[in-house]
Structures are given as structure tokens and as C-alpha cells.
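Student: If you scroll down you'll find the structure; I have some questions about it.
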Amino acid sequence: QVQLVESGGGLVQTGGSLRLSCAASGRTFNNYAMGWFRQAPGKEREFVACITGNGGMSYYTDSVKGRFTISRDNAKNTVYLQMNILKPEDTAVYYCAAGPNALIMRQSAYYYWGQGTQVTVSS
């Protein structure tokens with residue numbers, strides 16, 4: 001069992017930056033790929049980024065490429081999402097998830113989910 005707790009959300013102006021963190025319990029953190037997903041008001045939850053267990057590979061949805069960076073510190077059991085040049089359309093609840101050690105965008109493949117952290121980008 002892995003428990004995930006996100007933090008770092010908040011209110012930011014267009015063009016600003018935020019760094020989300022997701023702290024995981026358990027001693028097998030590096031066995032899991034980690035993903036970030038988001039759900040905007042009135043929309044379905046969507047994939048944002050993922051990273052393999054050793055941090056060697058990552059993948060992003062097109063809308064965040066060049067602006068967001070996913071990283072992880074396995075010594076701290078934490079995955080991060082650095083978000084730069086934020087836009088109002090990035091407003092959403094952001095969730096982290098742990099899943100099979102591969103680059104997977106499909107939500108149903110992930111085993112464990114956090115409760116989410118709100119990110120609001122004002123125009």
C-alpha cells in the first residue's frame with residue numbers, strides 16, 4: 001500500500017510559477033512510475049506528465065511541454081511538478097498517482113492516488 005499526499009497548490013497570476021510536491025509512504029517508491037493528472041471544473045480528469053521509477057524517462061501532454069517539468073527524489077519518496085508560464089487553462093485540481101514502472105498515460109493503469117491540490121491561475 002502506498003499513500004500519496006500532494007502539496008504546493010495555490011493561487012498564482014498568469015505567467016507565474018508553482019512547484020507541486022507529492023510525498024509517498026512506503027519503502028518501494030522507486031518501483032513505481034509516478035504520474036500527475038489534473039481535473040478542471042466541469043471537465044474530466046486528464047493526464048499531465050509521468051516519470052519512470054528511476055527518473056530516467058518522462059513524458060508530457062502536449063499542452064504543458066516546455067512549461068512543466070516532472071522530477072523525483074527517491075531518497076525523499078517525493079515527486080515534483082514544476083509549473084512555469086502558467087495559464088488560466090492550467091487551473092485545476094492536480095493529482096499524483098503511482099503505477100507500473102513504465103510511461104503510461106492511461107489513468108486506469110495507476111494503482112494509488114492522492115487527494116489532490118488546487119491550482120488556480122488568475123488572468
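Student: Would you point out the residue of the range 1-11, among those that are open to solvent by 30 Å² or more (accessible area, probe 1.4 Å) and not in a strand (DSSP E or B), that is farthest from Cys50 (Cα to Cα)?
Tutor: Within the range 1-11, the first condition is being open to solvent by 30 Å² or more (accessible area, probe 1.4 Å), and the residues that meet it are 1, 3, 5, 7-9, 11.
Filter once more, keeping what is not in a strand (DSSP E or B): 1, 3, 8-9.
Numbers: Gln1: 20, Gln3: 18, Gly8: 18, Gly9: 18 Å.
Ranking the candidates gives Gln1 first.
Student: Of all residues in the range 12-59, how many are within 15 Å of Gly114 (Cα to Cα), small (Gly, Ala, Ser) and part of a loop (DSSP other than H, G, I, E, B)?
Tutor: Of the residues in that region, 2 qualify.
Student: On to the next question. How about the range 48-73: which of its residues are touching a helix residue (DSSP H, G or I) at 6+ places or on another chain (Cβ under 7 Å), open to solvent by less than 50 Å² (accessible area, probe 1.4 Å) and over 20 Å from Gly16 (Cα atoms)? Please lay out each step first, then the result.
Tutor: So the first thing to find is which residues in the range 48-73 are touching a helix residue (DSSP H, G or I) at 6+ places or on another chain (Cβ under 7 Å), and the list is 48-49, 53-54.
Cutting the leftovers down to open to solvent by less than 50 Å² (accessible area, probe 1.4 Å) gives us 48-49, 53.
Hit for the range 48-73 is Gly53, nothing else.
Student: Within the range 101-123, take every residue that is among the aliphatic types (A, V, I, L, M) and in a strand (DSSP E or B) and give me the one that is surrounded by the fewest Cβ atoms within 10 Å (Cβ to Cβ). Don't jump to the end; show me each part of the working.
Tutor: Initially, the range 101-123 is screened for residues among the aliphatic types (A, V, I, L, M), giving 102-105, 109, 119, 121.
Applying the additional criterion that residues be in a strand (DSSP E or B) yields 119, 121.
Values: Val119: 22, Val121: 20.
Here the answer is Val121.
Student: Something else now. So Ala98 fits all but one of (1) buried (at least 22 other Cβ atoms within 10 Å of the Cβ); (2) more than 16 Å from Val5 (Cα to Cα); (3) of a type in the set (Gly, Ala, Ser); what number is the exception?
Tutor: It is condition (2) that Ala98 fails.
Student: A follow-up question, please. Looking at Thr28, Thr14 in this structure, which one is at pLDDT below 95, open to solvent by 20 Å² or more (accessible area, probe 1.4 Å) and not small (Gly, Ala, Ser)? So that I can check it myself, show each step before the final result.
Tutor: Numbers: Thr14 fails: at pLDDT below 95.
None of the others qualify; the one that does is Thr28.
The values are calculated or read from the model by the stated rules, or taken from the named source; none is laboratory data. Owing to the predicted nature of the structure, the values given are computational and were not obtained by experimental measurement. Please note: Cβ atoms are built from the backbone with ideal geometry, for glycine as well, and neighbour counts cover all protein chains shown. Accessible surface is based on the protein model in full, side chains and every heavy atom, while ligands, DNA and RNA are left aside. Shrake-Rupley method; radii C 1.70, N 1.55, O 1.52, S 1.80 Å.
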